[in-house]
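The values are calculated or read from the model by the stated rules, or taken from the named source; none is laboratory data. Computed from a predicted model, the values in this text were never measured in an experiment. Using ideal geometry, Cβ is built from the backbone for each residue, glycine included, and neighbour counts are taken over all protein chains shown. Heads up: the accessible areas ignore ligands, DNA and RNA and are worked out on the full protein's heavy atoms, side chains in. Shrake-Rupley method; radii C 1.70, N 1.55, O 1.52, S 1.80 Å.
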Amino acid sequence: MSLLELDGVKVHFPVKKGLLFDRTVGHVYAVDGVSLKVEAGQTYGLVGESGCGKTTLGRAVLRLVDVTDGSVVFDGTDLAALPEEQMRRFRRRLQMVFQDPLGSLNPRQNIESILTEGMLAHGIGDDQEDRRNRIKAILERVGLPSNALSRYPHEFSGGQRQRIGIARALVLEPDVIICDEPVSALDVSIQAQVINLLEELQEQLGLTYLVIAHDLAVVRHISDVIGVMYLGSLVEEAPSDALYEAPKHPYTRALMSAVPVPDPEVEDRRERILLHGDLPSPAAPPAGCRFHTRCPWAQPRCAQDRPELTDTGDGHRVACHFAAEIEAGTLAPMRPTGPKAATAAIPEQPSAPVTKAPGRARPHPETGRSALAPAGTRGRVPTRGCAGGGAPAVVVRGAGRGIRPGTCGRMLIRDCAGRRCPGCGCAGAGCGRGIRPGPAARSMRAGARRRPAGP
């Protein structure tokens with residue numbers, strides 16, 4: 001039997017409304033039916049976008065948030081059904097390392113007081129001297145000096161504070177440690193130190209980790225099995241190497257394609273999958289497959305039936321109706337997946353019709369040619385030619401803001417009337433950042449008035 005087993009875990013937060021009497025008008029489905037197993041001595045990595053429910057699931061294991069439905073079985077005991085007093089005793093064997101090392105430490109307590117507090121609550125140590133010796137031994141394991149006992153959290157660096165958080169979990173001699181983004185707040189060099197420390201402690205003490213992170217490189221380095229979450233559900237689970245070599249779920253394929261490769265030639269040749277739209281709200285998740293609103297391979301069935309996690313062999317489980325067809329290449333994507341996907345999401349708008357209207361011709365400051373401001377566009381006046389020799393920039397009369405060349409050096413994204421650029425018709429999608437408002441409008445417009453018109 002697995003050391004930690006989750007079966008259909010759901011965590012729903014009610015949405016209440018009312019002035020005098022609160023009434024429930026809906027729910028936020030933070031975690032909705034997650035099932036997984038963690039073996040003793042194993043590191044299970046949990047990845048996904050921000051807001052997909054990873055941290056809520058970790059807190060549900062510790063009963064820091066109430067479990068709406070499902071079971072959390074730890075060493076044969078269902079934690080979701082335990083009374084609060086019994087659950088408090090079980091927390092000695094289940095500890096958590098939080099994401100923000102400074103926010104998780106009491107600034108009014110020194111390090112000895114912080115580490116002693118949990119030991120006193122669970123009756124660890126014969127006396128104060130015994131507890132102090134245990135704490136010194138743990139600090140030595142995590143690479144901190146013994147004189148740190150009298151110091152306060154603000155006196156340490158970010159990496160040292162995270163080591164204190166790990167030491168606080170270790171003094172209770174737990175079996176499972178839930179690491180919630182343990183290195184996301186640290187720089188790269190400190191990240192490597194903390195990851196190596198976690199691996200050394202696992203080898204020495206036989207710990208079991210549930211690592212929650214969004215850094216795919218970190219998760220691959222430290223994890224034996226990886227689960228991918230999307231909008232409160234587990235969409236794929238596989239051994240670490242198998243998941244990175246051959247992801248099967250479309251969402252996992254998109255995540256892996258976003259990981260940069262240091263080889264420029266490989267980076268140029270590999271497939272990039274760009275997703276449409278934003279993550280749906282967990283308060284109103286889509287019917288059927290949660291990912292079908294953004295999936296390039298979505299079919300009508302995906303909007304009706306919610307797929308279950310299915311074992312495809314070698315411990316690889318995936319929740320997708322068409323995973324085999326996508327892997328074999330027999331199912332073509334219904335929408336673009338490469339760089340064109342970004343431009344396809346922008347609806348094309350027709351250019352504004354240019355009509356001549358009575359007005360005073362104004363000379364161009366560089367070419368000397370005169371241009372007449374078309375009617376209905378708030379009196380646009382051409383000022384300076386674009387750096388790339390393309391369409392000229394424009395100034396909105398009366399707005400006091402000019403336009404300066406962007407990175408493309410060719411044209412502007414939108415004219416002053418809010419319409420698309422009449423220069424090349426790419427609507428700002430094919431020219432990078434285009435042109436944006438600049439501070440030199442008035443001086444450019446003044447120069448345009450003073451310079452005489454050309455022949």
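Per residue, how large is the accessible surface of the range 165-289? Use a 1.4 angstrom probe and give square angstrom.
Details: 5040 Å² over 125 residues.
For the range 165-289, the solvent-accessible area averages 40 Å² per residue.
Taking every pair of alpha-carbon atoms in the range 61-121, give the share separated by more than 17 Å as a whole percent.
Numbers: 928 of 1830 pairs.
Everything past 17 Å amounts to 51 percent.
Can you tell me the length gained on complete extension of the stretch Ser281 to Gln193, counting 0.36 nm per residue apart and subtracting the Cα distance? Could the numbers behind the result be given before it?
On the way: separation 88, 0.36 × 88 = 31.68 nm, distance 3.64 nm.
Net length gain for the segment: 28.0 nm.
Sort the following peptides by mean Cβ neighbour count (other Cβ atoms within 10 Å, averaged over residues), highest first: 327-335, 230-238. Before the final figure, lay out the partial values.
Values: 327-335: 11.8, 230-238: 25.0.
Sorting 327-335, 230-238 by mean packing, highest first, produces 230-238, 327-335.
With Cβ to Cβ distances under 12 Å as the rule, what net charge do the other residues near Arg317 carry (K, R +1; D, E -1)?
On the way: positive: Lys37, Lys248; negative: Glu236, Glu237, Glu308, Asp311, Asp314.
Net local charge, Arg317 excluded: -3.
Taking just the alpha-carbon atoms of the range 23-100, what radius of gyration and Dmax come out, in angstrom?
Rg and Dmax of the range 23-100, Cα atoms, are 13.6, 45 Å.
How high is the FRET efficiency from Val261 to Ala332, r the C-beta distance, R0 25 Å, rounded to 0.05? Write out the running numbers ahead of the final one.
Details: r = 25 Å, r/R0 = 1.02.
After rounding, the FRET efficiency stands at 0.45.
Step through the table entries Lys16/Lys248; Lys10/Lys248; Lys16/Lys54, compare each Cα-Cα distance with 31 Å, and write down the pairs that go over it. All intermediate terms of the calculation are to be shown ahead of the outcome.
On the way: Lys16/Lys248 39 Å; Lys10/Lys248 25 Å; Lys16/Lys54 24 Å.
From the list (Lys16/Lys248; Lys10/Lys248; Lys16/Lys54), the Cα-Cα distance tops 31 Å for Lys16/Lys248.
For the range 111-181, what number results from the quotient of the Cα radius of gyration and 2.2 N^0.38 Å?
Values: Rg = 11.6 Å, N = 71, 2.2 N^0.38 = 11.1 Å.
Scaled against compact globular proteins, the figure is 1.05.
Can you tell me which of 82-89, 207-214, 47-54 comes out highest on packing, and rank the rest after it, using the mean Cβ neighbours within 10 Å? Provide the component values of the computation, followed by the final result.
Values: 82-89: 11.1, 207-214: 23.0, 47-54: 20.8.
Highest mean packing first, the order is 207-214, 47-54, 82-89.
Rounded, prolate or oblate: which fits the range 31-76 when a ≥ b ≥ c are the square roots of the eigenvalues of the alpha-carbon gyration tensor, with rounded for a/c under 1.5 and prolate only if a/b beats b/c?
Working: a/c = 1.85, a/b = 1.13, b/c = 1.63.
Here the range 31-76 falls in the oblate category.
How far apart, in nanometres, would the label points at Met1 and Arg93 be if each is projected 7 angstrom from Cα along the Cα-to-Cβ direction?
Those two pseudo-labels are separated by 1.0 nm.
Mind computing the radius of gyration and Dmax over the alpha-carbon atoms of the range 18-166? Å is fine for both.
Rg and Dmax of the range 18-166, Cα atoms, are 18.7, 56 Å.
Quick one: accessible area per residue over the range 1-93, 1.4 Å probe, rounded to a whole number of Å²?
On the way: 4680 Å² over 93 residues.
Result: 50 Å² per residue.
How charged is the neighbourhood of Leu4? Take every other residue with its Cβ under 12 Å from the Cβ of Leu4, and add Lys/Arg as +1 and Asp/Glu as -1. Don't skip to the end; give the middle numbers.
Details: positive: Lys37, Arg93; negative: Glu5, Asp7, Glu39, Asp75, Asp78, Asp175.
Every neighbour counted, the sum reads -4.
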